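Colleague: Handing you this structure, nothing more for now.
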Amino acid sequence: MNAETGYDAWLRYVPVHGATLPPTLVTLDDSVLMRSAREEMSRGVLGMLRKSLRAETTMPNGDCILLGTLPAVRRAVPDVELPETLGEDAYVLKAVRIGGRSVLLVVSSNDRGVLYGTFALLRKVALGEDLQRMDETHTPLAPIRWTNEWDNLDGSIERGYAGRSIFFEGGNVLADLRRAGDYARLLASIGIDGCTVNNVNANVRVITPEFLPQLVRLADAFRPWGVHLSIAVDFSSPKLVGHLDTFDPLDPKVAEWWKQKADEIYRAIPDLGGFLLKADSEGRVGPSTYGRTHADAANVIARALKPHGGVLVYRGFVYDHHMDWRNLKNDRARAAYDNFARLDGQFDDNALVQIKYGPIDFQVREPVSPLIGALHATNETLEFQVTQEYTGQQRHLCFLLPMWKEILDFDLHAADRPTPVKEIVSGKAFHRPLGGFVAVTNVGRDPNWLGHDLAVANLYAFGRIAWNADLTAKQIIDEWTRLTFGSDPHVVDAITKMQLESWRVYEEYTGPLGAGGLTDIIGAHYGPGIESSERNGWGQWHRADEKGVGMDRTVATGTGFIGQYTPPVASLYESLATCPDNLLLFMHHVPYTYALHSGKTVIQHIYDSHYDGAEEAQRFPRRWQTLRGKIDEERYQAVLGRLEYQAGHAIVWRDAVCNWFEKASHIQDAQGRVGHHPGRIEAESMSLDGYTVTGVQPWETASGGKAVTCQAAQCTSVMRFNEQGGRYDMSVEYFDQNNGAAHYDLSVGGKVLGRWTADRALPTNKLDGHSSTRYTVTGVKLAPGDEIRITGRPQGGELASLDYLELQPAGK
Ligand code: GCV
């Protein structure tokens with residue numbers, strides 16, 4: 001099996017057996033997109049069938065594949081029955097017989113649709129589908145299908161977990177944009193038609209005249225794939241770039257400045273998609289500076305873009321991050337609705353409000369944002385996150401499509417008929433001219449784009465669902481797995497099941513019952529940090545104290561957030577009797593002893609779900625190991641490494657959350673697991689040479705709240721094994737900070753069994769829930785009296801710190 005890097009993602013075009021295709025490829029129109037379609041078809045067929053297609057521009061005598069726009073195909077094959085019209089980007093795939101010839105048709109209203117159809121036909125070949133009876137029309141659900149990339153011009157990426165930017169470095173657009181072009185090809189293959197390349201926390205330089213030629217190069221790289229470049233702008237640009245004395249959106253000088261700016265940019269990039277704007281949020285300036293509304297701000301730019309066919313996308317993610325946490329009526333979840341609902345109808349037709357799926361911020365479980373159902377006369381885009389900011393940062397497997405499906409299918413009862421989210425944001429429910437789907441993606445320079453080979457499924461799934469939100473999660477992950485890893489039934493079965501379970505598993509060992517925010521809210525958003533959300537203005541409060549947990553968002557006694565939903569939804573959440581368990585703590589503050597619909601108490605559910613989730617995470621590596629030899633070794637090993645890391649970190653999560661809640665509630669785990677870890681030996685209780693004991697903050701992220709650190713060139717931590725002899729799995733819990741690369745040895749009876757370097761890129765230079773990491777050696781033979789020794793050698797600021805050693809009977 002060939003080694004693979006994951007660079008080709010789902011477009012591998014590896015040989016397929018038994019497929020036949022006509023030998024000739026006819027392309028009827030000529031444009032940059034048609035050329036891409038032609039080349040892609042040739043490339044795909046060469047890879048999968050090992051055949052070179054003969055390229056023609058007119059109909060041959062024999063069988064052929066025919067690519068063209070509707071008018072051109074009608075002229076070439078007038079007798080073929082085709083739809084009268086096709087929506088923008090929609091395409092038809094059809095197998096027909098014309099005068100004894102077999103013709104596979106790919107037809108669209110526009111050349112981009114032909115490209116989409118080409119990718120779809122190739123996908124069918126790769127999946128081994130029957131092409132002979134093909135007769136299908138595929139129409140995108142919405143016109144806006146974009147990714148947002150939070151890339152900074154210096155090459156870093158905010159909340160990016162797969163290396164540096166593929167667009168920028170050192171303040172400039174990269175000289176070599178082949179990778180940007182390859183990314184656009186991936187996007188086109190799943191129907192994505194726009195990409196905002198720079199961070200929503202925008203650098204004003206992006207729209208300076210000096211920078212424009214660089215943007216032109218990016219647009220050139222995207223254009224062959226029908227991906228519109230768009231850019232995030234800073235609202236104070238009229239002042240900072242234009243040197244006006246104001247950026248008041250109602251000032252005519254400002255309107256004129258935006259108009260001139262748009263004209264200038266569109267002269268250079270006529271197919272620019274538009275601008276994205278984050279204003280009055282997290283320190284960004286906005287219309288509030290002048291007492292103006294978000295609609296005023298959006299419209300002044302939208303009007304400048306309008307003559308060019310551009311759109312202005314306005315982030316609905318506006319909230320006060322200096323809220324008084326002492327006031328129990330304050331609630332960040334209310335913010336988007338409170339800021340935007342009353343402006344409904346005031347946004348121009350080429351403006352859209354981009355709304356995160358939940359009212360907080362990409363949490364593992366949130367209710368649907370009520371703002372989505374409140375805007376009937378305003379275009380919307382729905383914002384998802386492919387980059388796993390709060391869901392494991394691509395070090396944990398977390399396939400998000402099952403969550404997205406729940407969001408998309410949720411009926412907000414926004415009219416006197418069913419109005420699922422997908423119908424509203426696509427613009428269909430309220431007959432809006434525009435609407436769509438956006439995912440913050442943050443691909444980077446890691447060869448496989450997103451760091452974790454299995455995380456790439458989230459990008460694929462986003463494109464497929466943005467095109468057709470009715471596809472099931474099972475269908476999509478099945479396709480992705482076959483395209484990415486091949487069709488061996490065991491491979492497909494194992495990977496699809498793990499993917500489909502992974503979001504639930506992640507939720508179980510991180511934050512169940514909708515509590516949200518058990519991670520380090522004010523920092524990396526990664527490992528556990530239970531109290532970080534409390535007693536500060538960021539508003540991601542869970543309000544856990546010694547009596548109970550959860551935010552009271554009821555109308556009756558709480559923040560009133562629930563009242564932002566229409567009555568059928570509001571009554572579902574307002575009443576404890578009907579509020580679903582999985583959102584209970586998002587909506588209500590309850591005592592720990594409150595009984596869930598499942599019959600369990602809240603506190604026991606917290607314990608059980610963390611133990612269950614962490615146990616399932618332990619099984620992921622073992623399940624993956626059954627694939628050895630069935631997929632290429634390179635990706636096999638890469639994924640195994642990540643799953644093993646995840647299994648260890650799931651235990652860090654489990655212990656931190658359970659210990660914290662046990663201490664807070666004073667209620668013990670009915671199963672006696674919390675705080676009792678048979679086989680665990682705290683490093684501070686071992687015999688230490690050079691190591692000194694230190695407290696860890698937050699306390700719950702280290703076993704017993706303590707660790708040992710080494711201030712010398714080398715330190716050791718030793719114990720004598722005095723249990724029953726046999727085979728054991730030995731795990732060392734250590735801290736892998738990002739300010740050094742300490743070395744460790746683990747030996748038994750003087751024989752080194754494991755040697756490793758703490759050089760993972762984890763987001764902290766401290767001992768905490770981000771850095772706590774597990775190293776395991778399996779099946780070690782131990783006899784009573786054996787000496788177990790861990791040797792640590794610090795490097796840089798990393799002091800070879802240790803938390804504990806754990807011995808478990810092998811395979812347990
Ligand atoms: C780009 C969250 C993230 C920020 C991000 C912001 C946003 O708060 O943590 O990094 O900023 O969302 O979506 O604008």
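Colleague: Please flag any cysteine in the chain that has no other cysteine's Cβ under 4.7 angstrom from its own Cβ.
Modeller: CYS64, CYS195, CYS398, CYS579, CYS658
Colleague: Just to confirm the filter: which trypsin sites (Lys or Arg not before Pro) across the range 299-357 are DSSP coil and have at most 12 other Cβ within 10 angstrom of their Cβ?
Modeller: Numbers: sites: ARG303, ARG315, ARG326, LYS329, ARG332, ARG334, ARG342, LYS356; in loops: ARG326, LYS329.
Passing sites in the range 299-357 are ARG326, LYS329.
Colleague: Using the charge dipole of the chain (Lys, Arg: +1 at Cβ; Asp, Glu: -1 at Cβ; taken about the Cα centre), state which of PRO621, ASN152, ALA577 has its Cα farthest towards the positive end.
Modeller: PRO621
Colleague: A further question on this structure: With the contact rule set at Cα under 8 Å and sequence spacing of 6 or more, what percent relative contact order holds for the range 334-483? Could the numbers behind the result be given before it?
Modeller: On the way: 227 pairs, mean separation 33.6, N = 150.
The value is 22 percent.
Colleague: What list of ³J(HN,Hα) couplings, whole Hz, do you get for the range 128-138 from phi and the Karplus terms 6.51, -1.76, 1.60, once you set θ to phi - 60° and write x for glycine and proline?
Modeller: Working through the residues one at a time gives x, 7, 6, 9, 6, 10, 5, 7, 9, 10, 10 Hz.
Colleague: Separate question: With r defined as the distance between the Cβ atoms of ASP30 and THR472 and R0 fixed at 35 Å, what FRET efficiency is calculated, to the nearest 0.05?
Modeller: Numbers: r = 38 Å, r/R0 = 1.10.
E between ASP30 and THR472, to the nearest 0.05, is 0.35.
Colleague: What GluC sites (Glu not before Pro) does the range 13-102 have in DSSP loop regions with at most 16 other beta carbons within 10 Å?
Modeller: Details: sites: GLU39, GLU40, GLU56, GLU81, GLU84, GLU88; in loops: GLU81, GLU84, GLU88.
Hits after loop and neighbour filter: GLU81, GLU84, GLU88.
Colleague: Taking the Cβ-Cβ separation of ASP745 and ARG178 as r and a Förster radius of 60 Å, what is the calculated FRET efficiency to the nearest 0.05? Please report the intermediate quantities before stating the final value.
Modeller: Working: r = 43 Å, r/R0 = 0.71.
My answer for the efficiency is 0.90.
Colleague: I've got another one for you. Among DSSP beta bridges whose residues both lie in the chain, state the antiparallel percentage, nearest 5. If you can, show how the numbers build up before the last one.
Modeller: Numbers: 67 of 116 bridges.
Counting only bridges with both partners in the chain, antiparallel ones make up about 60 percent.
Colleague: Please list, or write none, the lysines whose alpha carbon is within less than 26 Å of the alpha carbon of LYS259, excluding same-chain residues fewer than 8 places away.
Modeller: Qualifying lysines at Cα under 26 Å: LYS239, LYS278, LYS306.
Colleague: With charges only on Cβ, +1 for K and R and -1 for D and E, what is the dipole size of the chain about its Cα centre, in debye, rounded to 20?
Modeller: Details: 83 positive and 101 negative charges, 258 e Å.
Computed charge dipole of the chain: roughly 1240 debye.
Colleague: Which whole-number percentage describes the relative contact order of the chain, with Cα contacts under 8 Å and a sequence gap of 6 or more? Walk me through the numbers on the way to the answer.
Modeller: Details: 1837 pairs, mean separation 75.6, N = 812.
Reported relative contact order: 9 percent.
Colleague: What size of dipole, in debye to the nearest 20, comes out for the range 689-755 about its Cα centre when the only charges are +1 on Lys and Arg C-beta atoms and -1 on Asp and Glu C-beta atoms? It would help to have the intermediate numbers written out before the result.
Modeller: Values: 5 positive and 7 negative charges, 41 e Å.
The calculated dipole for the range 689-755 is roughly 200 debye.
Colleague: Can you give the helix-only mean residue ellipticity at 222 nm for the chain, where every DSSP H stretch with n ≥ 4 adds -39500 (n - 2.57) and the sum goes over all residues, rounded to the nearest 500 deg cm²/dmol? Walk me through the numbers on the way to the answer.
Modeller: Numbers: 19 runs with 236 residues, N = 812.
After summing the helix terms and dividing by residue count, I get -9000 deg cm²/dmol.
Colleague: OK, next. Starting with the fewest neighbours, write out ARG123, ARG417 ranked by other beta-carbon atoms found within 10 Å of each beta-carbon.
Modeller: On the way: ARG123 18, ARG417 9.
Lowest count first: ARG417, ARG123.
Colleague: Measure nothing but the geometry: give the 0 to 90° angle between the long axis through the Cα atoms of 111-126 and the longest principal axis through the Cα atoms of the chain, rounded to 10°.
Modeller: Value to nearest ten degrees: 50.
Colleague: While we're looking at this one, here's another question. With 10 angstrom as the radius, rank ASP296, ASP655, ASP154 by how many other C-beta atoms surround their C-beta, starting from the fewest.
Modeller: Details: ASP296 17, ASP655 26, ASP154 14.
Sorted ascending by nearby Cβ count, the order is ASP154, ASP296, ASP655.
Colleague: While we're on this one: If you rank PHE119, PHE167 by fewest surrounding Cβ atoms within 10 Å, what's the result?
Modeller: On the way: PHE119 25, PHE167 28.
Result, fewest neighbours first: PHE119, PHE167.
Colleague: Continuing with the same structure: Have a look at THR69, THR5, VAL92 and report the one farthest towards the positive end of the charge dipole of the range 1-138, computed about the Cα centre with Cβ charges (Lys/Arg +1, Asp/Glu -1).
Modeller: About the Cα centre, the residue reaching furthest to the positive side is THR5.
Colleague: Taking a threshold of 32 Å on the Cα-Cα distance, which of the pairs LYS51/LYS630; LYS600/LYS766; LYS497/LYS812; LYS94/LYS630; LYS356/LYS630 fall above it? Don't jump to the answer; show the numbers that get you there.
Modeller: Values: LYS51/LYS630 26 Å; LYS600/LYS766 37 Å; LYS497/LYS812 22 Å; LYS94/LYS630 34 Å; LYS356/LYS630 39 Å.
Violating the 32 Å limit, Cα to Cα: LYS600/LYS766; LYS94/LYS630; LYS356/LYS630.
Colleague: Evaluate the relative contact order of the range 256-384 (contact order divided by residue number), counting alpha-carbon pairs under 8 angstrom at least 6 apart; express in whole percent. Write out the running numbers ahead of the final one.
Modeller: Working: 201 pairs, mean separation 29.5, N = 129.
Rounded, it is 23 percent for the range 256-384.
Colleague: While we're looking at this one, here's another question. Work out the charge dipole of the chain with +1 on the Cβ of Lys and Arg and -1 on the Cβ of Asp and Glu about the Cα centre, then indicate which of TYR183, PRO213, THR716 is farthest towards its positive end.
Modeller: Most positive-ward Cα: TYR183.
Colleague: Additional query: Taking the 0 to 90 degree range and rounding to the nearest ten, how far is the long axis of helix 489-509 tilted relative to the main principal axis of the chain, both from C-alpha atoms?
Modeller: 60
Colleague: Using only the alpha-carbon atoms, how far is helix 473-485 inclined from the longest principal axis of the chain? Give it as 0 to 90 degrees, nearest 10.
Modeller: Roughly 90 degrees, rounded to the nearest 10.
Colleague: Given Cβ point charges of +1 (Lys, Arg) and -1 (Asp, Glu) and nothing else, what value in debye, to the nearest 20, does the dipole of the range 609-664 about its Cα centre take?
Modeller: Numbers: 9 positive and 9 negative charges, 27 e Å.
Dipole about the Cα centre, nearest 20: 140 debye.
Read the figures in this text as sums done on the coordinates, not as results from a lab. Just so it is clear, the model here is predicted, and its values are computed rather than measured. Reconstructed Cβ throughout: ideal geometry from the backbone, glycine too, with neighbour counts over all protein chains shown.
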